[in-house]
1. What's the ranking of A:235-248, A:174-187 by average number of surrounding C-beta atoms within 10 Å, highest first?
2. So, counting K/R as plus one and D/E as minus one, what does the shell of residues with Cβ under 13 Å around D:H195 add up to?
3. Taking the number of other C-beta atoms within 10 Å as the exposure measure, put B:K191, B:K217, C:K289 in order starting with the fewest.
4. If you take the alpha carbon radius of gyration of segment B:9-345 and divide it by 2.2 N^0.38 Å, what ratio comes out, to two decimals?
5. So what's the net charge close to A:Y51: Lys and Arg +1, Asp and Glu -1, counting the other residues with Cβ under 10 Å from its Cβ?
6. Relative to the longest principal axis of chain C, what angle (0 to 90°, nearest 10) does the C-alpha long axis of helix C:255-264 take?
7. Given chain D, what percent of its DSSP beta bridges are antiparallel, to the nearest 5?
8. Take peptide D:95-106, look around each residue's Cβ out to 10 angstrom, count Cβ atoms belonging to other protein chains, and average those counts.
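Just so it is clear, none of the values below were taken in a lab; they were calculated from the coordinates. Here the structure is a predicted model, which is why all the values come from computation and not from measurement. Heads up, the Cβs are rebuilt from the backbone with ideal geometry, glycines too, and the neighbour counts pull from every protein chain shown.
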Amino acid sequence: MLDSVLLAFIYGILQGGAYGAIALGLSVIFGVTRVTNFAHGAMLMLSTFLYYELYTRFGIDPYLGLLIVTPILYFLGMATQKRLITPLLKKERGTTQDPASLLLITLGLGYAINNLFMMIYGSDYKTIPTAASKSYLTIEVGDFLFTTQWARIIAFFAAFVIGITLWFIINKTELGKRIRAVSQNRDAAAICGVDVYKTYAIAFGLGIAAVAVAGACLSEYYFVQPQVGTLFGTKSFLIVVLGGLGSIPGAILGGLIFGVVESVGAQFITSSASSMLTFILFMIMLFLKPSGLLGKGGKV
Amino acid sequence: MNTTERTNFFQGKIFAILGVLILLVVPNFVSTNVQIVFILILFYGLCASCWNIVCGFVGELSLGHAVFLGFGAYISTLLLMDGSLSPWVGMFIAAIITAAFGVIVGLPCFRLHGPYFALTTIALGELIRIFVENNEKVFGINIRGAMGLVLKQTGNQFIAFEFANKITYYYVLVAFVAVTILVTWLIKNSKLGYYLTAIKSDPDAAESLGIKLTKYKLIAMAISCFMISFAGTFYAQYFRYVGPTRIFSHDMSVQIALIALVGGQGTVFGPLLGACLLVPITEFLSEEFGGTMPGLHLFIYGIMMVLVVLYMPQGIYKNVTGFFKKLEYKIFGWDKANRKSIGKGVK
Amino acid sequence: MKTRKLLRLLTLVIVMMLMATGCVSQTAAPAATQAPTEQAATEATTEPATGSTEVPVVKIGFVWPLTGGSATIGQQHSDGALAAIEEANANGGILSMGGAQIEAVVYDSETSPDVGSSRVETLCTKDNVDIVVGCYNSAVTFPASEVAQRYSTPFISMGGVKNEITERGYEWVFRVNNKASYDVAEMLKGIDLCLTTYPDVAADIESDGGLTYALVYESTDWGSDNARIWKEEADKRGWTCVLDEPVTSGQSDMSPQALKIKKANPDVINFSFYTNDAIVFTKALYANKINPRLGVWSVGGGSQDAAFYQACSPAEYEYSFVQEDWNVSMPYLYDWAAKISEDCYAKNGYYITSFYAQGWTAAKVAIAAIEAAGTTDKEAIKTALQNFDVKLEDCADSHIILTGYPRIKFDENGQNTYASGTIIQYQNGVQIGLSPLTAATPGYTPIIPIPDDFATRGSNSKPWGTKPDVK
Amino acid sequence: MEEIIRLENVTKKFGGLTAVDNFSGAVETGSIVGLIGPNGAGKTTLFNMMSCTYPPTSGKIFYKGMDVTKARTDSMAIRGLARTFQVTKPFGDMTVVENFMVGAFLHTRDRAVARKQAEEIYEYIGMGCGECKAANETTTVDRKKLEIGRALATKPELLLLDEVMAGCNPQEKLELVETCRKIQKSGVTLLVIEHDIKTIMSLCEKIIILHRGAKLVEGTPSEVANDPRAISAYLGEDYHAGC
């Protein structure tokens, strides 16, 4: 009994790390621009398709493909902010705030991207059969057997690498100073000579680049399929809110909690009931402390 | 309010009246296949109008409204199947239960705003879907889990809400839509409507004027759930099958919301207009290209959404009515003075 | 002022009249032939048969899930059905109707019940097809077939296994493929075969307190239906259920489920998943070295999909049992089936699967029924279907039963009682037919108990789709 | 004279920051009181506590003798307390008159009645814009007036005005002062936050100076103007000299 719970806990942690890696970008984008990017899942899916194309056409492993895809997604993120969100922010200045429009535009964008890929690729489940997905890490001590794909372990550590990188960029660089300034008070930052919209675009780009890295790890062991985005997109939201919107460690912590609850929960109740558990956990959290576990207080 | 406006009732409304006439009369003369599209237009228009009552006026984005649609469908159908109760009665019971459920759900949810509210509604929708899919029985009621509810065909029976031809279904739906539009209109022109618009604009200021935020939001929620439950009953009776995977789906919720938003949230006719625009397009695209280019119609949904938010943040309602008004002036040559008085009516 | 008002009123009236006439003139033509209710619909369709001298056209409507959860499967159905029609047209169309060409109208159900039934309605009303074929998913087929019943249009159900589809007394609905209860019965029969082949294993199980099984299934109509029937049947045999695990579709890791199974330690695992979950589940079982002595039994679904075998390595599915919804030995038993398989590979890049064969057979049954009726009168087609009786051995020219059912004959409910699948086991990566005997690969027996050879498993495996060496 | 609102030892802390520190004071019915002090002195925080936007950390608030420390914001409006906001909060989707109607609906359900009252207030306030103008298209001064009018529409007994004259030119300020006087004459008690010392000195009967969250001086305009503490902390020597 204890064995299986312990193992479930470890599997949950591993899975949670991957969730966290995906959710990080979302958290950063919200923290800086206050935009809830409903197109996050779609961006993830888009990146996995780019890896898939690179792999099937040129045989490039997604871990290598990172070098190509991450910049592409970074610019895609910047373009999204510049072309779609900034015009809305500019329009809203001075008039009454309508935060719904920011939700809607990303929702529409996500819907469009998801279905565009459905149109192009159909809904086949594609896989990228690399070495990392085929080789397993196995620890066997008597009855105790822990085994998982290397790709999953890499995804777990990727969460921390992405997290630390983002944290470093935001807290330790000149660019980060601007980002922090803008996220705290956009008008004051503008007065101090920070190009607010450019900084927003960079932050959005960073968030999307982060999801591209997570996409590389995911595409190593999961499917490449247009609906993958929706699956992880919804989860990412729950995770980010649980951990605290805008908090980098919060996103990872939220991911780990989700993974563990799903996995350990399934040992005691049926799996489908356990997937309800995560939703319930999310809603309880929201009603008790809407700012999330590690989020800063404030009105929601 | 000047005299010309009163004497010319038709002024500025001619195309609206024409539109209503088309919706009322044309389905009589078209093939069943076109009637189906008309039914879908009104069905989605109805759902979007109900969504609009709470979300359009209060300004929060609910992405879980399919839950209430499903509640209506399930309760009235279960009453029919297990209680042999006519859907005409059952739908009112369903409506009351759904409204009560809406209030219970709304109580904690309305404490949240913006993305938090939207995400909670998504979570709620998924939660209910998974719950229904995995439970055969709830409180001793046989909800039949993932199998869904299947209505047996009994022939053309008014009492059982079953008709041989589409046109009868259509006119039943017309009645539902008319009631919903009327309710929306009444709300918009009453204290409730003013309060909701105030809450949407600025909750703090609204509260300082003595508006009980939660109370009025919940009233709107109750009305919205009450009405959308009728749409649910209609869905069940029309398709004669309710499956949790579809009716509680996230896609359904998003579709309802998108139609209302494209049409124009917070307006009386906007959601219906949105359905008139989007449903025929998507039906056409999915019929024509569904086999070759799956997802095309949903892609169009997404693109429309982005364009509307960017260029017509109020929805197409304002632009469409504006266009038809201009057209009217051109055709009928109304003078400029009148035009000004018309402009006054717009907020 | 007064004249102006009058003028306006006049214009209004004229505009409205124009609109009204516009509507009428647009719709007058179809309205005359397509007025609602069924007798008008038959009127419209009899037109080509009676009134024209040029080659008439016969229309068959298809609704498959081309998007949504089971899209990959629906695509294969569609491929098969279109290939069947192509072949029929090349052979001169419907001969009894003077070589009428067959036209296929294909719609996407989006794996959604309401869309599916709307599409069937469109087929019945707008396209005026003579027969409707679909829709794979039980949840879609169920309401969709009712629409066909309402429009008195013959409906050939293919793929949907829900028992109730042909248990409603609908005279216009015919199901070529098997019911869910047949699926389960076949699997249980397969297990019985294993036990009778190896009495020592059976004795071991008996001494350990009887057979235990675990059910893992996606929490949808199909999955839970299958689990329910399995449980009912297993209860009759006195087997013990040690795990009943519904799983929400779309899992990215099934290790927790694997742990649970390991703890429950069943003799048999039965799972029903579509492609994505089937892949993740199979990988997790293998990684966790779960080795039930009577093996892992899949109801089909994802395990019959080519995509599954591209994603999983042979070691991962080695020794697993699959209930295939067709006779897997068809391409080895019949030359014509082998040729169709080759053509399919040349065109679509895969050898025929159960889904392709199902699509093919359903289309062929529809064509044969129209051929037998000799007219597009729906009543006649219905009668032809009711009297439909074709045996596998008679298909050398007509190629109807690509699925390998011994016979197609519908009972009073419209169910083809001869529909059967095959229980296969992967041995060295090759599909070995085990049961029923007509589909068994000669010279093979099931490998039971499953050897504990994780270190070497799959090292000699041949690629998926390799023809077994018939001993 | 009767006191309409009374604060007893009210303290408000935001985290480590003490915004209002042990403040006690009262406003008499029918009077017009000014609340001044440097930025960050806690004026708006006091307003927010009086209108029950948030409760004080400690201390008590009495409105017409009733303890309202933990009352809800909306209930205060029904009791007769209305306020304006420093940063104007018009209902941008509505016209000016409709804004007033929202206030008027507090005492009526009838739309026609509300509209009539709103139009009366519109005349009373003397807005400079057209009736149909959307509220978010108005000028600064009209927005300030909109705030006042909307509050007035709830038929208050106590009106809290938070810097309604900020951002207005001298001419407009004069207009607003007149409006305030008119409101006071109609029987409404006024509590005014303002930065323009000259205006407030001429308008108010009593003035309270807040400094770092605590009450520094309280008294008539002339008393305050000559108080050395007030001069050193807020008014400055110049003002004293100029007087």
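1. Working: A:235-248: 27.3, A:174-187: 16.2.
So the order, starting with the most tightly packed, is A:235-248, A:174-187.
2. Working: positive: D:K43, D:K173, D:K198; negative: D:D162, D:E163, D:E194, D:D196.
Local charge sum for D:H195: -1.
3. By the 10 Å Cβ count, ascending: C:K289, B:K191, B:K217.
4. Working: Rg = 20.3 Å, N = 337, 2.2 N^0.38 = 20.1 Å.
Normalised Cα radius of gyration, segment B:9-345: 1.01.
5. Details: positive: none; negative: A:E53, A:D61, A:E220.
Within the 10 Å Cβ shell, the charges total -3.
6. So the helix axis and the longest Cα principal axis differ by about 50 degrees.
7. On the way: 21 of 37 bridges.
So the antiparallel bridges in chain D amount to around 55 percent.
8. Values: counts 3, 0, 0, 4, 5, 0, 3, 12, 7, 3, 9, 5.
Shielding by partners across D:95-106 averages 4.
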